[in-house]
1. Return the Rg/Rh value of region 6-92, two decimal places, where both radii are evaluated on C-alpha atoms and Rh is the Kirkwood radius.
2. Under 12 Å from the Cβ of G268, count the other residues' Cβ atoms, weight Lys and Arg +1, Asp and Glu -1, and hand me the total.
3. Between A37 and I16, what FRET efficiency comes out of the Förster formula 1/(1 + (r/R0)^6) with R0 = 45 Å and r the beta carbon distance, rounded to 0.05?
4. Highest mean first, what order results for 274-281, 134-141, 241-248 on Cβ atoms within 10 Å?
5. In cubic angstrom, how much convex hull volume per residue do the alpha carbon atoms of region 235-291 span?
6. For region 290-303, what does the Karplus curve 6.51 cos²θ - 1.76 cosθ + 1.60, with θ = phi - 60°, yield as ³J(HN,Hα) per residue in whole Hz, taken in order and with x for Gly and Pro?
7. When you count, for each residue, the other Cβ atoms within 10 Å and take the mean per peptide, how do 223-232, 88-97 rank with the highest first?
8. So, R0 is 22 Å and r is the distance between the beta-carbons of R82 and F132; what FRET efficiency does that work out to, to 0.05?
Amino acid sequence: MEPDRTRRNLRGWTIIVLRWIAALVVLGMLLHFLPLAAVRSAIVRVPPEQFIAALAGYLLAHALGVLKWRMVVNAAGAQLDRATSLQCYGGGLFGTLFLPSIVGGDVIRLAVGLRRSPRPAAVLAGNVVDRFLDVAAQAGLVALGLALLPGSLPESLRSIATRTLLAALAISGIVIVLGLFLRHALFRGRSMRFLRRLVRLRHALRSVSRRPQVLVAGWLAGTAIQSTFLVLTAWLATACGLHLPLRVWLFAWPLAKLAALLPLTQGGIGVREAALVALLAPFGAAGTLVLASGLLWEGVIVAGGIIAGLAAFAAGRRTGGAASQRM
């Protein structure tokens, strides 16, 4: 058992090193084609207090994210308190950047939530629904950006955005249809233990679906969170000297974030900046200014991830101490 665990740990840390190397390679390629001096000059234009204010806004938005995540998973029946929810959510933010996981911080969220909740299936179901609401919020922002840029949006970008949304809907539909048709074949011969867990998961999903007010509130909160991130990015970009209408950011920023979900680099670093440079170029945005604002936003994300990890550690110590006192 111990050699297997060692090999898994080694494989995990190899993945994280390779993904950080890939992030540095992508950023290096961007800096190769874009003058480094111009990027550095744009970054130093931003006052330190503005960066700190953006970081504060980022953390406040994620504070709303903690409440949203807890609301959704508890609607499924997870029964998690505030400290445990903070530990799950903050640990997930930290894990997305610094821990070796192919699926990001969800592993940390679930690892803590499954252990602390009396109904682990509810944590899993609620986390899936929460992710769906986040994707729906980003898709809504893209749709809003398309609606606000009917005339000024280049045909190539309009086609890319439309195809991306249609592909996402098509993939989701195909997965649902295949699941319906293949459910008997997939579950035939499974153990009773597995089937009981599956029934609990289905029951948890139904618990959420029977509370549409939670889904609507979660989608609105997710939209508010993503909109806050978008506005903060545009605010930092303006300080760098990049002046673009907010409707342009509404179109490009969510698409760049969706591109960053590809498991190529750690936390999407580099991929997000490359996507933004490509998406904003048709609107006359200078690549150096786009990259500078993107690097500043990455600084906010990294600093926020570290702070979230410390908050999760403190919340874990608190919940652990409370549990030991009850014993």
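1. On the way: Rg = 19.6 Å, Rh = 17.0 Å.
Answer for region 6-92: 1.15.
2. Around G268, the charge tally is +1.
3. 0.90
4. The densest-packed peptide leads the list: 274-281, 134-141, 241-248.
5. On the way: hull volume 4.3 nm³, N = 57.
Roughly 75 Å³ of hull volume per residue.
6. Result, ordered by residue: 5, 5, 4, 5, x, 5, 4, 5, 4, x, 4, 5, 5, 4 Hz.
7. The packing order, highest mean first, is 88-97, 223-232.
8. Approximately 0.40, to the nearest 0.05.
FYI, it's all coordinate maths here, none of it is from the lab. Remember, it's a predicted structure, so these values are computed and weren't measured experimentally. Virtual Cβ from ideal backbone geometry, glycine too; neighbours counted across all protein chains shown.
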